[in-house]
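First comes the structure, then the notes that go with it.
Every number here is computed from the coordinates shown, using simple stated rules; none is lab data. Owing to the predicted nature of the structure, the values given are computational and were not obtained by experimental measurement. Please note: Cβ atoms are built from the backbone with ideal geometry, for glycine as well, and neighbour counts cover all protein chains shown.
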Amino acid sequence: MAQYLPIVVLMALAILFGALSFTASRLLAPNRPSAAKEAPYECGIVPTREPPERFPVSFYIVAMLFIMFDIEIIFVYPYAVSRDTLGYYGFWAILAFSAVFFLTFVYEVARGGLDWGPLQRSRAFVAEAAIVSPERTLASTVRRVGTDGRSPVAMPGDEEAA
């Protein structure tokens, strides 16, 4: 027991120092709360609205996908280094894990979990009919850079080159 005495004394001193520090700061520190001190600080920007109560669940799902991607990279690297020693078992294990990861990623994309911006409403085709005209081709609307002095190459949508 004598060999553990310095550790016990040091732990008791650390706990005593922590308790005394908290007590001293509570008793000696000035306590003058104000609205500016109570407001959340975000890089000097004054918040214009209250923050939302909860993050959307899709945020956490995307975070989990990011962690899974990191884990997959951590698993693939040793397999790539020692592929011969792991053999077919390592190959099938990596393939199974990658398939599960890929399916979860496809599911999240299909759910719209990666669409973070405002919802885009589809526009009616009638409104876009004025923009589209038969006179417009790739040759008339797209400027090809670096083609000066070269023979023209047929691009999709070029009627005059065909």
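When the alpha carbon gyration tensor of segment 58-113 is reduced to an equivalent ellipsoid, the three semi-axes, largest first, read 27, 12, 6 Å. Of Arg111, Arg32, the sequence from fewest to most neighbouring Cβ atoms within 10 angstrom is Arg32, Arg111.
Please arrange Met64, Met1 by how many other C-beta atoms lie within 10 Å of their C-beta, fewest to most. It would help to have the intermediate numbers written out before the result.
Values: Met64 12, Met1 5.
Ordered by Cβ neighbours within 10 Å, fewest first: Met1, Met64.
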